[in-house]
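Working notes for the structure below.
Any read-out appearing in this document is the output of simple, stated calculations on the displayed coordinates, not a laboratory observation. Computed from a prediction, not measured in an experiment: that's the story for all the values here. For neighbour counting, all protein chains shown are included, and Cβ atoms are generated from backbone atoms with ideal geometry for every residue, glycine included.
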Amino acid sequence: MDSNIEHILGQNGVDKVAFYYKDAPLLSNAFTTCLFINTQKNRIEARGVSICSVRDAYCRKKGKQRAFGRAIKALTRKTNDEKINPAGRDFETVKRTFKCKTPEDAQNFEENMVPAILSANPDASISFIDSGAPAKSKYAYDIPLSYPIRVANSRYKYKSQYRPNPAGKEEAEMMADKAV
């Protein structure tokens, strides 16, 4: 880590930096969170959140960099910034497919994925595409652009937040774990 960043973290009592990733039923990663923790005072000094777009291929390194940068921004400015707003993106969707290699895959899709798709987009069209090969098929469905934003917004109000309360069990567990 850059010595200037280490100095900034040290000046603000941060002795632990932690990351975690939150997936969602329709995405491998909905968002990445970076926490700056002061274990002496048992509090989160800053939190940064990077929301993955359904249009992008997930890149863990890029998500960590964005989340870290937003946490630094909150820590140095000592303010909340970048309100998470899912409104206005429900009208645009991205088409995804789910490949079924076995009958169990198809059953899993119908029992688990279909309800998740419909909860994300009640107007979603879900179509079955028969590949012609035995036991191989796929489904096509639409995900709204707002889906990962709504997942993140259910937990956070800002992408860059100064001294937030722990949100969710992951953050509570990181606060309980005193090891750096």
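Any idea how far apart Asp130 and Arg163 come out in nm if each label point goes 7 Å out from Cα toward Cβ?
6.4 nm
What are the residues whose amide H is under 5 Å from the amide H of Asp23, where those residues sit 5 or more places off or on another chain and H is modelled from the backbone?
Under 5 Å from the amide H of Asp23 lie the amide H atoms of Ala30, each far enough along the sequence or on another chain.
Taking θ as phi - 60°, what are the ³J(HN,Hα) couplings along segment 18-23 by the Karplus curve (6.51, -1.76, 1.60), each to the nearest whole Hz, with x for Gly and Pro?
Result, rounded to whole Hz: 10, 10, 8, 10, 10, 8.
Taking the Cβ of each residue in Cys52, Cys100, Cys34, Cys59 as the centre, tally the other Cβ atoms inside 10 Å and list the residues starting with the fewest.
Cys59, Cys100, Cys34, Cys52
Take the chain, connect every pair of alpha-carbon atoms lying under 10 Å apart with a spring to form a Gaussian network, then pick out the residue of Lys95, Lys78, Lys41 with the largest mean-square fluctuation.
Looking only at Lys95, Lys78, Lys41, the largest GNM fluctuation is found for Lys41.
If I build a Gaussian network model for the chain, linking alpha-carbon pairs within less than 10 angstrom, which residue out of Thr39, Thr79, Thr102 has the largest mean-square fluctuation?
Maximum fluctuation in the GNM of the chain, among the listed residues, is at Thr102.
Once phi is turned into ³J(HN,Hα) by the Karplus curve 6.51 cos²θ - 1.76 cosθ + 1.60 with θ = phi - 60°, what whole-Hz value does each residue of segment 147-155 show in order, with x for glycine and proline?
Computed from phi, the couplings for segment 147-155 are 4, x, 5, 5, 4, 5, 5, 5, 10 Hz.
Which cross-chain or sequence-distant (5 or more) residues have an amide H under 5 Å from the amide H of Lys16, H modelled 1.01 Å from N in plane?
For Lys16, the qualifying residues are Ile37, Thr39.
State which entries of Lys136/Lys169; Lys22/Lys78; Lys138/Lys159; Lys41/Lys64; Lys41/Lys159 exceed 29 angstrom in Cα-Cα distance in the structure shown.
Lys136/Lys169; Lys138/Lys159
Quick one: Ser119, Ser3, fewest Cβ neighbours within 10 Å first, how do they rank?
The fewest-first ordering by Cβ neighbours comes to Ser3, Ser119.
At most 12 other Cβ atoms within 10 Å and a DSSP loop assignment: could you name the GluC sites (Glu not before Pro) in segment 73-109 that fit?
Loop-located and lightly packed - Glu92.
Relative contact order of segment 70-180, please, whole-number percent, based on alpha carbon pairs below 8 angstrom and at least 6 residues apart.
Across segment 70-180, relative contact order equals 40 percent.
With the crude spin-label approximation of a point 7 Å out along Cα→Cβ, what separation in nm comes out for Thr39 versus Val114?
4.9 nm
Mind pulling the per residue volume of the convex hull built on the Cα atoms of segment 93-144? Å³ is fine.
Given the Cα convex hull of segment 93-144, per-residue volume reads 53 Å³.
Cross-link partners among aspartates and glutamates for Lys16, C-alpha distance below 14 Å, same-chain residues fewer than 8 apart left out?
Excluding near neighbours in sequence, the set is Glu6, Glu45, Glu171, Glu173, Asp177.
So, R0 is 45 Å and r is the distance between the beta-carbons of Glu6 and Ala87; what FRET efficiency does that work out to, to 0.05?
Here the calculated transfer efficiency is 0.70.
For Asn80, which sequence-distant residues (separation of 5 or more, or a different chain) have an amide H within less than 5 Å of its own amide H, given hydrogens modelled in the peptide plane?
Residues meeting the amide H criterion: Tyr162.
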